[in-house]
Amino acid sequence: MNYQAEKELALKIVTEGAKLCQRVQQTDAGKAVKKADTSPVTVADFGAQAILCKGLIEVFPDDPVIGEEDATFLEKPELAGVRQQIIEQVQQTIPTATPDNVIDWINWGNGQVAERYWTLDPIDGTKGFIRGDQYAVALALVEDGEVKLGVLACPAFPREDGGKGVIFLGIRGQGAIEIPLEGGTSQPIQVDHSSNFEQLYRIESVESVHSDRGVQTAVDRRLGLTYTAKQMDSLAKYGAIARGEAHFYTRVPLPQFKGKKENIWDHAPGVIIVQEAGGKVTDLEGKPLDFSLGAKLGNNHGVLATNGAIHAQVLAAIKQEQ
Ligand code: AMP
Ligand code: MG
């Protein structure tokens, strides 16, 4: 299977989603409201989910979609203004969209895991988006519990030509590429296979509670790292590893979040992009990530993404420090 139709659609809708995010960022609608778990969400998160789901409904109506956002949240009377802004933003991309269409498209993302499904995070790294840092419009196709295609639109990702905005794409068996967000020629990308820890970079979240920094620093010391870790919001970290700018990324659950499992949409697209760029991704016990269970990686403990060459050494160091 070459996934040509999936690739074309995925690239088109993440680009449209990213453009909506960029537009919203210029306006007041880029401000956040709080979800029930107190995490921030913006007009752009809902707007991008609507646009991605609309494309998936049209081309692959039989594929379930599991997205981060849920429009029932928007039924609160105090969010009527936010709801209206979402509708208007989506209508700028799709002029024929009715208010009901927009809500139905967002809720299309409430699907269940099946043999074949899509998972999406309309804005991964919402905190980065609000700060003006990195974020990603993220979409992946999963079959038989394994990611087959992943795409990340990263509008703030710096390019070699001095511009900003990169799309990363990985397809099982076909390699990984990057494309400028505004279009143009695609370039194959490869991890940097070096294994001299003195020259390597770990990359971590900007948010300190998303992974255990105590363990991470102890692992760095054990491995002999000399550079301090790079920091980046969102799945863009996987892009940085896939293009050789960083060498490993660990997600070590903090003791206060014991039992909390990672969301599938926070990893799926990044996993295939790093794998197809020559890297490796497992959990902290070395097990493959299992995307067959539901919205969470329920069978896995944490995440480790590397350039491949150092994977076993990093796993061993984490084992000793946890
Ligand atoms: P990052 O930008 O790498 O810090 O990741 C952002 C994602 O972290 C968000 O999309 C959340 O789903 C997720 N997240 C929020 N709280 C936690 C937590 N305590 N542990 C792990 N991930 C989290
Ligand atoms: Mg996320």
Computed label-point distance, nm, for sites ALA316 and GLU207 using a 7 Å Cα→Cβ extension: 3.4 nm
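How much length would be gained if the chain were fully extended between ASN299 and SER186, taking 0.36 nm per residue of separation minus their Cα-Cα distance, in nm to one decimal? Display every interim value, and only then the final one.
Working: separation 113, 0.36 × 113 = 40.68 nm, distance 3.54 nm.
In short, 37.1 nm is gained.
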Per residue, how much accessible area does the chain show when a 1.4 Å probe rolls over the protein heavy atoms, in square angstrom? 41 Å²
Do you know the relative contact order of the chain, to the nearest whole percent, from alpha carbon pairs under 8 angstrom that are 6+ apart? 16 percent
Lys, Arg +1 and Asp, Glu -1 on Cβ, resulting dipole of the chain about Cα centre, debye, nearest 20: 800 debye
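Given the convex hull over the Cα atoms of the chain, what projected area results after averaging over all orientations, in nm²?
On the way: hull surface 61.6 nm².
Computing the convex hull of the Cα atoms and averaging its projections yields 15.4 nm².
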Among TYR201, VAL137, TYR227, flag the residue with its Cα farthest along the positive direction of the charge dipole of segment 130-244, charges on Cβ as +1 for Lys/Arg and -1 for Asp/Glu. TYR227
Accessible surface of HIS193 in the full protein assembly, 1.4 angstrom probe, to the nearest 10 Å²? 90 Å²
Set LYS35/LYS164; LYS34/LYS76; LYS31/LYS76; LYS34/LYS54; LYS31/LYS127; LYS287/LYS319, cut-off 19 Å on Cα-Cα distance; pairs above it are LYS35/LYS164; LYS34/LYS54
Could you compute how much accessible surface LYS19 exposes when probed at 1.4 Å, giving the result in Å² to the nearest 10? 90 Å²
Find the Rg to Rh ratio for segment 197-321, where Rh is the Kirkwood radius over alpha-carbon pairs and Rg uses the same atoms. 0.92
On the accessible surface of the chain, probed at 1.4 Å, how many percent belong to carbon and sulfur atoms? 48 percent
Between segment 8-44 and segment 55-95, what's the alpha-carbon centroid distance in Å? 11 Å
In whole Å, what are the Cα extents of segment 4-188 along the three principal axes, biggest one first? 48, 41, 33
Hey, if you put +1 on the Cβ of every Lys and Arg and -1 on every Asp and Glu Cβ in the chain, which of ALA240, LEU79, GLN91 ends up farthest toward the positive end of that dipole? ALA240
Each residue of segment 85-92 in turn: what ³J(HN,Hα) in whole Hz from Karplus with 6.51, -1.76, 1.60 and θ = phi - 60°, glycine and Pro shown as x? 5, 4, 4, 5, 5, 5, 5, 5
Let me know the charge dipole size of segment 1-133 about its Cα centre in debye, to the nearest 20, where only the beta-carbon of Lys, Arg (+1) and Asp, Glu (-1) is charged. 460 debye
Heavy atoms of GLU58 accessible to a 1.4 Å probe, total area in Å² rounded to 10: 120 Å²
Largest first, how would SER195, SER39 line up by accessible area (1.4 Å probe)? SER195, SER39
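For every helix of n ≥ 4 consecutive DSSP H residues, a contribution of -39,500 (n - 2.57) applies; sum these over the chain, divide by its total residues, and give [θ] at 222 nm rounded to the nearest 500 deg cm²/dmol.
Working: 9 runs with 106 residues, N = 322.
The helix contribution divided over the chain gives -10000 deg cm²/dmol.
How big is the equivalent ellipsoid of segment 77-133 along its three axes, where each semi-axis is √(5λ) from the Cα gyration tensor, reported in whole Å from largest to smallest?
Details: eigenvalues 95, 74, 28 Å².
Values for segment 77-133, descending: 22, 19, 12 Å.
What size of dipole, in debye to the nearest 20, comes out for segment 33-74 about its Cα centre when the only charges are +1 on Lys and Arg C-beta atoms and -1 on Asp and Glu C-beta atoms?
On the way: 3 positive and 8 negative charges, 46 e Å.
I would put it at about 220 debye.
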Expressed as a whole-number percentage, the relative contact order of segment 4-188 with C-alpha contacts under 8 angstrom and at least six residues apart is 19 percent
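The values are calculated or read from the model by the stated rules, or taken from the named source; none is laboratory data. Small disclaimer: the values here were computed from a predicted structure and weren't measured. Counting neighbours? That spans all protein chains shown, and the Cβs are built from the backbone with ideal geometry, glycine included. These accessible areas exclude ligands, DNA and RNA; they are computed on the full protein's heavy atoms, side chains included. Shrake-Rupley method; radii C 1.70, N 1.55, O 1.52, S 1.80 Å.
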